[in-house]
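Novice: One structure is given below, represented as structure tokens, and several questions about it will come after.
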């Protein structure tokens, strides 16, 4: 039976979410990411891309290329919310799906052509996502993950593309070698130095030559160039950690500021745990100094998701860790060894008032945003930085590469 694999990608996802929340951004160049010159672009609209802006570009350069761009720091909670909505729609519709990032999905539709036709089914699923979320989304459909991902890129923006069985090589041949998944800047430059610009040339090259040049990856590049990919769609699974970190606009030695930010981080992560019905038993604190030396310290604790238990441990780790007394470039907090479960009330230490307070604060956060209610010590932490979502089943998001 011939495989049918669909790759779905939410177009300029962060920008699209911001436009849902504020229609005044429609049709304008928009940049999402760190607003300072030391920040980077996490996402940008097609209007901004017309000026040469792209993701992961330093914000300083992006502003030079597109001075009229509207710059937004972004809100990870909003992006996670809409990502979860799309995930739920996809999960309800397809037999097997893999979530590879906050805005990308693979769906194995093999065998579904007997009932409805895979392309028709994929089209209906795309229409449903657009109708229920208002977000633009594109997909590519082919016999494997590699060709489907490339097809999605060719279908954008907000469109779809079917690559029929047997036409994979012909579809890939005229495209740039940069389109091949796993071909990064270094590999791209090496291939260009060999005179290779189009995938067609790779298809015609002896696989032994690529293997001598790139080792084991050479054969993988050759296979992908020829539209050969047997990798399966890996079923959705949950991550086992959640983290957030902050890179400062200017290196600091202000210990009060550092402690306040750590409290805000620990508090927000604890809320995310409770929101996802998770408990943690391992806390890690990270400090990166101005000379880029990075140190971490962790400890194990009984499973919990309570602020009053997690925050003191985070501060305790920081006090043990921060011994150099030099300028700090970045700090971060991570909760790991996650398991499913709700907060276990301590009959001796917890009071009815404390439990009620947690429930009331979480309700307000759910209604008005995760920073709607914060502890006074962390109130000056206007942004707690990027966050990796443990409940999305994918690798660290693009937000993980964003500086504040």
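Novice: Among (1) assigned to a helix (DSSP H, G or I); (2) buried (at least 19 other Cβ atoms within 10 Å of the Cβ); (3) at pLDDT 95 or above, where does residue 121 come up short?
Specialist: With (1) assigned to a helix (DSSP H, G or I); (2) buried (at least 19 other Cβ atoms within 10 Å of the Cβ); (3) at pLDDT 95 or above applied to residue 121, the lone miss is (3).
Novice: Moving on to the next point. Which one of the conditions (1) in the same structural domain as residue 288 (by TED's automatic domain parsing); (2) surrounded by 14 or more Cβ atoms within 10 Å (Cβ to Cβ); (3) at pLDDT 90 or above does residue 256 fail to meet, given that it meets all the rest?
Specialist: It fails just one condition, (2).
Novice: Same structure, new question: Cβ-Cβ distance below 7 Å, separation of 6 or more or different chains: which pairs start in region 45-64 with a residue that is over 17 Å from residue 17 (Cβ atoms) and end on one that is part of a helix (DSSP H, G or I)?
Specialist: Pairs that qualify, where the first residue is over 17 Å from residue 17 (Cβ atoms) and the partner is part of a helix (DSSP H, G or I), are 51/65; 52/65; 53/62; 53/65; 56/401.
Novice: Shifting gears a bit: Having 1 or more residues that are in contact with a strand residue (DSSP E or B) (Cβ under 8 Å, 6 or more places away or on another chain) and at pLDDT below 95 is the bar; report the helices (runs of 4 or more DSSP H) wholly within region 45-93 that clear it. If you could, list the steps in order and put the result at the bottom.
Specialist: Details: elements: 46-49, 59-65, 76-93.
In region 45-93, 59-65, 76-93 are the helices (runs of 4 or more DSSP H) which contain 1 or more residues that are in contact with a strand residue (DSSP E or B) (Cβ under 8 Å, 6 or more places away or on another chain) and at pLDDT below 95.
Novice: Which of (1) in a helix (DSSP H, G or I); (2) farther than 22 Å from residue 138 by Cα is the odd one out, the single condition residue 14 does not satisfy?
Specialist: Unmet condition: (2).
Novice: State all residues of region 313-328 that are under 26 Å from residue 361 (Cα atoms) and more than 29 Å from the chain's Cα centre (by Cα); if no residue qualifies, say none.
Specialist: The answer is 316, and nothing else.
Novice: Of the conditions (1) in contact (Cβ under 8 Å) with a residue 24 or more places away in the chain; (2) under 27 Å from the mean Cα position of the chain (by Cα); (3) not in a helix (DSSP H, G or I), residue 161 satisfies every one except a single condition; which number is it?
Specialist: Just one mismatch for residue 161, condition (1).
The values are calculated or read from the model by the stated rules, or taken from the named source; none is laboratory data. All values reported here derive from a predicted model rather than from experimental measurement. No Cβ is skipped: glycine too gets one built from the backbone with ideal geometry, and neighbour counts run over all protein chains shown.
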